[in-house]
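To start, the structure under review is shown below, and the notes come after it.
Every read-out reported here was derived from the displayed coordinates using simple, explicitly stated rules and does not represent laboratory data. A quick note: this is a predicted structure, and the numbers were derived from the prediction, not measured. We place every Cβ from the backbone using ideal geometry, glycine too, and count neighbours over all the protein chains shown.
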Amino acid sequence: MRRGRYLSDHQIISLKDVKLTLPSRAGPVEILRGIDFAAERGEAVGLIGPSGSGKTTLLMVIAGLEAVSEGSIAVAGEDLTRLDEDALAVFRRDNVGIVFQAFHLIATMTALENVAVPLEFKGDRRAFDHARTQLERVGLGHRLHHYPGQLSGGEQQRVAIARALAAGARILLADEPTGNLDQETGATIIDLLFSLQSEDGVTLVLVTHDPALAAQCSRVVRIEDGLIRVGEDEMAAP
């Protein structure tokens, strides 16, 4: 089943001829070698490819967490190549939520406090009320005051998803969100992720090694050796 709907005809992500080269002891290493990638508002894109192909790096570029060597990057109406670090932080605050394989929750904060962080960063005076609402949406209304170490892996990922969406993200980037979970828990998390993505109308870019999981998205893109590979059922842009 292919999930995700187009909310408009306008692209929210547009990368053109993006290249990223990093130095190493053996000489320059080309991570991204000329990426053209686009996504529509409300679309769900599955990003697949072998380990080391550049999938996670591409997510970091979209989030403005990795500066590129060449190319243009337009995300949510912003030219990321022209923004300084402070402006990029504001851009992420207002537009991007990220869900990682390893959850990346703050161990010394409760579930409620973890979800409230981006809301407080945004200046929301009702940050904790809104964080509570988000945790209730992901089925954790009874775990508000538990710390990450007191939660199961699936529960931690639910907190991470709630945190990613709490501040009104328009783009959700998910990097192997089920990688640390068993099959049954992972399936539940994916169902939740797609359900919230549809409810909120956000654009989802989902990195996965699982072709069956990627196929649940509205479109699948394959990246190999730092390049988008366009096949019969794969498109580099809508």
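Listed values, structure above:
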read-out: Vicinal HN-Hα couplings computed from phi for region 98-110 (Karplus, 6.51 cos²θ - 1.76 cosθ + 1.60; Hz; Gly/Pro x); value: 10, 10, 9, 4, 9, 6, 6, 7, 7, 4, 8, 10, 6
read-out: Size of electric dipole in region 86-198: Cβ of Lys, Arg +1 and of Asp, Glu -1, about Cα centre, debye, nearest 20; value: 380
read-out: Dipole in debye (nearest 20) - region 11-228, about Cα centre, beta carbon charges: Lys, Arg +1; Asp, Glu -1; value: 240
read-out: Simple label model, 7 Å out from Cα along Cβ direction - Arg25 to Asp79, nm; value: 4.0
read-out: Mean residue ellipticity (222 nm) of the chain, computed from DSSP H runs ≥ 4 via -39,500 (n - 2.57), nearest 500; value: -10000 deg cm²/dmol
read-out: Only Lys, Arg (+1) and Asp, Glu (-1) charged, at Cβ; region 22-143 dipole about Cα centre in debye; value: 440
read-out: Extreme residue, positive dipole direction of the chain, given options Gln11, Thr188, Ile73 (C-beta unit charges); value: Thr188
read-out: Beta bridges by DSSP in the chain, antiparallel share as percent, to the nearest 5; value: 50
read-out: Computed E for Arg229/Ser195 - FRET, C-beta separation, R0 22 angstrom, nearest 0.05; value: 0.15
read-out: Region 131-153-region 9-23 distance, computed between alpha-carbon centres (Å); value: 35
read-out: Top positive-direction residue, dipole computed over region 11-228 with Cβ charges, set Pro148, Ser198, Pro50; value: Pro148
read-out: Cα lying deepest toward the dipole's positive end in region 153-224, options Gly179, Ala169, Ile223, charges on Cβ; value: Ala169
